[in-house]
Amino acid sequence: MFTGIIEATGRLSAINVNSQGARVVVQSGDLDMSDVRLGDSIATNGVCLTVVAFDSSSFSADVSTETLKRTGFVDYKVGTEVNLEKAMLASTRFGGHMVSGHVDALSQVISIEHKGNSIDYWLAMPADLAPYIAEKGSVTIDGVSLTVNGLTADSFRITIVPHTQQETIIKSYQAGTRVNLEVDLIARYLERLLLARSGELTPEATSKPSGVTEELLKKSGFLS
């Protein structure tokens, strides 16, 4: 589990593709590696990776074929810059939101607009994930915990303050950049609880698109 508060940025120094997927080596930059152990989890652009080897300035991890297909790793090359966060501790200050490190889909930057000292980014919203994205709710973009500040039928807006811009790879985004998207974990569990409560928890009901409807919300007492 992660918080979405980026600790450092690093770079991919090797991507060795094999029949099971790939093994990647990540130069860890300013990430404190002093307490890292084999088997630890490090979110790399929001993808939870398991450390299989490490030294004071890098770590290696295996990436499955599923991850290669469904995340930004499909585009990454040696030299690609990545956001890094070690798994949270029980004593960690919870500055972001609950992030699992399991990417739901790739999104894409649509437009970028400077507003004062902040920057607005509009991103594409996959139709099957739209029910889980709410204004003033949380999303994770390339491992960064962010607040949704605007919505349309097929896009959402995030606002990036200078500190986040400086400390993450968001500073390199351009229109067309593809990013890893993880929706709020609580929204997913809420859907499952509502379906179970209504007696509609079936494989068909839980397949995408979301089974949460206005009728279901009324039946569950959330709407009058």
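Quick note: the coordinates plus some simple rules give every number you see, no bench work behind them. Source: prediction; values computed, not measured. Methodologically, a virtual Cβ is constructed for each residue, glycine included, from the backbone with ideal geometry; neighbour enumeration extends over all protein chains shown.
Placing a label point 7 Å from the Cα of Arg23 along the Cα-to-Cβ direction, the residues of the stretch 60-95 whose backbone N falls under 20 Å from that point are 60-69, 73-74, 76-80. Taking the square roots of five times each eigenvalue of the Cα gyration tensor of the stretch 105-185, the equivalent ellipsoid has semi-axes of 19, 13, 12 Å, listed largest first. Quick one: Debye curve from the C-alpha atoms of the chain, no solvent, what's log10 I(q)/I(0) at q = 0.12, 0.13, 0.14 Å⁻¹? Log10 of I(q)/I(0), two decimals: -0.69, -0.80, -0.91. Angle check, please: helix 185-198 long axis (alpha carbons) against the longest principal axis of the chain (alpha carbons), in degrees 0 to 90, nearest 10. Here the helix axis deviates by roughly 30 degrees.
Farthest towards the positive end of the charge dipole of the stretch 8-86, among the residues Ala22, Val52, Ala8, is the Cα of Ala22, using unit charges on the Cβ of Lys, Arg, Asp and Glu. Comparing Lys69, Lys115, Lys136 in a Gaussian network model of the chain (Cα springs below 10 Å), the most mobile by mean-square fluctuation is Lys115. Per-residue extension of 0.36 nm, minus the Cα-Cα distance of Lys69 and Tyr189, leaves a gain of 40.7 nm for this segment. Between the stretch 1-35 and the stretch 94-155, what is the C-alpha centre distance in whole Å? First find each Cα centre; the distance between them is then 22 Å.
Run the helix sum for the chain: -39,500 (n - 2.57) per DSSP H stretch of 4+ residues, divided by residue count, reported at 222 nm to the nearest 500 deg cm²/dmol. Show your work: numbers first, answer last.
Numbers: 5 runs with 36 residues, N = 224.
About -4000 deg cm²/dmol.
Do me a favour and compute the ellipsoid semi-axes for the stretch 19-92 from its Cα gyration tensor, root of five times each eigenvalue, largest one first, whole Å.
Working: eigenvalues 83, 34, 30 Å².
Result for the stretch 19-92: semi-axes of 20, 13, 12 Å.
On a full-extension model of 0.36 nm per residue, what is the gain between Lys115 and Ser172, subtracting their alpha-carbon distance, rounded to one decimal in nm?
On the way: separation 57, 0.36 × 57 = 20.52 nm, distance 1.73 nm.
Extra length available between Lys115 and Ser172 comes to 18.8 nm.
Mean-square fluctuation check for the chain, GNM, Cα pairs under 10 Å: which of Leu181, Leu129, Leu194 is largest? Result for the chain, Cα springs under 10 Å: Leu194 fluctuates most. With viscosity 1.306 mPa s and temperature 10 °C, the Kirkwood radius over alpha carbon pairs of the stretch 58-135 converts through Stokes-Einstein to a diffusion coefficient of 99 µm²/s.
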